[in-house]
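In what follows, a structure is listed as structure tokens, so that the remarks can point back to it.
What follows draws every value from the coordinates through simple rules; no lab data is involved. As the structure is a prediction and not an experimental result, all values here were calculated from the model. All Cβ positions, glycine included, derive from the backbone under ideal geometry; neighbour counts span all protein chains shown.
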Amino acid sequence: MNAISASSPTPSGTDATLRSDEPEGVRKSAATFLRGWLERKKAARVELLQVSATDSLLDQLVDVDPAKIPKAKPKGDLVVPEASDYAAVADQKMSDGTTVRMELVYEPASRYGWLVDTVGPLE
């Protein structure tokens, strides 16, 4: 497993203690989501996003105009810079020089145990 760097302290009074290891399923869910997010064929996109995205994010992405789907491809390995028992962050560098950040939430009933809840550029 990859080590997780705890660069910022966890706020007191939360149950979101950062882990020193990567929770099982985070990487698979993020990678599956990314494939779905970049997929231009609607049926394939929906199939991949249904197992890797929250319902609210899925609703936002299923009917996206294919012309608005990024053309960049993943470059290098997906990185999980931080994770707790209930939330995780996954970053993927892209061929156009940007980095996509995915925030995941723990969902034990999902295929990988984690679902992407937000996606956007790393700023």
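Computed extension gain for residue 72 through residue 50, at 0.36 nm per residue and net of the alpha carbon distance, reaches 5.7 nm. When peptides 99-108, 54-63 are sorted by average Cβ neighbour count within 10 Å, with the highest value leading, the order is 99-108, 54-63.
Charged neighbours of residue 25, selected by a Cβ distance under 11 Å, balance to 0 (K, R count +1; D, E count -1). Shape of region 26-117 from its Cα gyration tensor (a ≥ b ≥ c, root eigenvalues): rounded if a/c is under 1.5, otherwise prolate when a/b > b/c, or oblate? It is oblate, given that a/c is not under 1.5 and a/b is not larger than b/c.
Scanning residues 5 or more positions from residue 118 or on other chains, those with amide H under 5 Å from its amide H are 103, with H placed 1.01 Å from N in the peptide plane.
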